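Comments concern the structure below.
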Amino acid sequence: MKKLVGILIIAVVLVSCKDGKSSNDRILLDSEGRINDISVVVDNENWKGRLGEAIRDVLTVPVYGLPQDEPTFNINQIPPQVFTDFITRTRTVLKIELNKPAGIKFADNVYAQPQKVVLITGKTKQEVIDILNENAPKIIETFRNIELSQRQRIMRKALYNDKVIEEKLGLSIEFPNAYRIAKDDEDFFWIRRDIRTGTLNLMLYELPYSAIQKNDSVTSQIVSIRDSIGEKYIEGPVEGSYMSTEMAYTPFHGETILDNKPTLETKGMWQVKNAFMAGPYINYAVEDKLNKRWIIAEGFAFAPSVEKRDYMFELEAIIKTIKINK
């Protein structure tokens, strides 16, 4: 009997410590919230004052590359006394606490999962404002990254079979099966999804490694390339019309990393020659040194008379799933 009791005790201990976790570990519920919505936990009085204004200046900075101003995030202000129970399960949280030593903390899965909580503390409002402004780029990047991951998780529920793309371009990319391949021409793909007011579009193609030189004219090179591709593959609604770059809107150029590879990022506006059609685009040129080529992935939206931030965000999320075969 004693031997049996001993075995049972050992079994209970093993179960409770499985995978190195103790029985005191919390079980976190799934986080909630719309894409690009941020919960800001701060009292009403400070939200209406200069502290709230500073928070709005950081989180609602306009997204570059859209035809009209749209904020980076939508904000839901929540008083601390209300931030309890299911409300704490929001996916992205900026929490402000006054009358405490100055500091900032980035935390994962505090109340739910996946979740990002940024806590800013300070003895005065000015201390909090200073910390907020100093860390603005990191705060925005932190929230954008978890929102991109969330957008990708949603897409993975029903993915298009990208086998033909993998066979021809030697890469994988994840996009919902609501999209379709509108054009498949050797090493060029035009992928589209119909939306209520227009279409979302992706272009995938490869270029020789010599096609882009990383110098002061790189933005002009990319614009020239996308114009030649637009003229060749993206026809407009009337004869002789095709997609080109709208140069009245200065393209933004930067550098990033995609699939652990150096990548050139360009944002701007496109237009259709000889037709009244236009919209935003985001272009990534991935430097694939191993295969001596560039992979070009571009997303562009045609959605007249509606906001386009979330559409472009979806296209960016898709492009950032690219994995190039070794």
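The values are calculated or read from the model by the stated rules, or taken from the named source; none is laboratory data. What you are looking at is a predicted structure, and each value in this text was computed from that prediction instead of being measured. Note: ideal-geometry Cβ built from the backbone for every residue, glycine included; neighbour counts use all protein chains shown. Quick note on the areas: whole protein, heavy atoms, side chains included, nothing else; ligands and nucleic acids left out. Shrake-Rupley method; radii C 1.70, N 1.55, O 1.52, S 1.80 Å.
Among the listed residues Arg192, Arg144, identify the single one that is within 21 Å of Ile322 (Cα to Cα), of a type outside the set (S, T, N, Q) and not assigned by the TED database to the domain that holds Pro114. Outline the logic, then answer.
Working: Arg144 fails: not assigned by the TED database to the domain that holds Pro114.
Residue meeting the stated conditions: Arg192.
With open to solvent by 70 Å² or more (accessible area, probe 1.4 Å) and either among the hydroxyl-bearing types (Ser, Thr, Tyr) or closer than 17 Å to Pro114 by Cα (or both) as the only criterion, which of Ile35, Ile27 stands out? Can you show your working first?
Numbers: Ile35 fails: open to solvent by 70 Å² or more (accessible area, probe 1.4 Å).
Just one listed residue meets the conditions, Ile27.
Any idea which of (1) assigned to a strand (DSSP E or B); (2) outside the structural domain of Glu307 (by the TED database); (3) touching a helix residue (DSSP H, G or I) at 6+ places or on another chain (Cβ under 9 Å) is the one Val128 doesn't satisfy?
(1)
Restricting to the range 51-110, name every residue that is among the polar types (S, T, N, Q) and in a strand (DSSP E or B).
Residues of the range 51-110 among the polar types (S, T, N, Q): 60, 68, 72, 74, 76-77, 81, 84, 88, 90, 92, 99, 109.
Within the range 51-110, Asn74, Asn76, Gln77, Thr90, Thr92 qualify.
Against the definition (at pLDDT 95 or above, of a type in the set (D, E, K, R), surrounded by 13 or more Cβ atoms within 10 Å (Cβ to Cβ) and not in a loop (DSSP other than H, G, I, E, B)), how does Arg193 come out, yes or no? Even if it seems obvious, please write down each step before you answer.
Values: at pLDDT 95 or above: yes; of a type in the set (D, E, K, R): yes; surrounded by 13 or more Cβ atoms within 10 Å (Cβ to Cβ): yes; not in a loop (DSSP other than H, G, I, E, B): yes.
Yes.
Of the conditions (1) within 23 Å of Glu314 (Cα to Cα); (2) not in a loop (DSSP other than H, G, I, E, B); (3) not acidic (Asp, Glu), Ser220 fails just one. Which one is it?
(1)
Are any residues in the range 112-161 under 23 Å from Thr88 (Cα atoms) and either open to solvent by 70 Å² or more (accessible area, probe 1.4 Å) or touching a Phe, Trp or Tyr at 6+ places or on another chain (Cβ under 7 Å) (or both), and if so, which ones?
Gln113, Lys116, Val118, Lys138, Glu141, Thr142, Phe143, Asn145, Arg151, Arg153
Might you let me know whether the range 232-246 holds any residue that is open to solvent by less than 60 Å² (accessible area, probe 1.4 Å) and within 14 Å of Gly65 (Cβ to Cβ)?
Checking the range 232-246: at least one residue is open to solvent by less than 60 Å² (accessible area, probe 1.4 Å) and within 14 Å of Gly65 (Cβ to Cβ).
Identify the residue in the range 167-184 that is assigned to a strand (DSSP E or B) and open to solvent by 60 Å² or more (accessible area, probe 1.4 Å) and, among all such residues, is nearest to Val286 (Cα to Cα). Let's see the steps before the verdict.
To start, the set of residues in the range 167-184 that are assigned to a strand (DSSP E or B) comprises 171-172, 176, 180-184.
Filter once more, keeping what is open to solvent by 60 Å² or more (accessible area, probe 1.4 Å): 180, 184.
Details: Arg180: 23, Asp184: 20 Å.
So, considering only residues that are assigned to a strand (DSSP E or B) and open to solvent by 60 Å² or more (accessible area, probe 1.4 Å), the one nearest to Val286 (Cα to Cα) is Asp184.
Going through the range 216-263 one residue at a time, which ones are out of contact with any Ser or Thr (no Cβ under 7 Å at 6 or more places or on another chain) and of a type in the set (Lys, Arg)?
Lys232, Lys261
Counting only residues that are touching a Gly at 6+ places or on another chain (Cβ under 7 Å), open to solvent by 20 Å² or more (accessible area, probe 1.4 Å) and of a type outside the set (Phe, Trp, Tyr), how many does the range 293-311 have?
1
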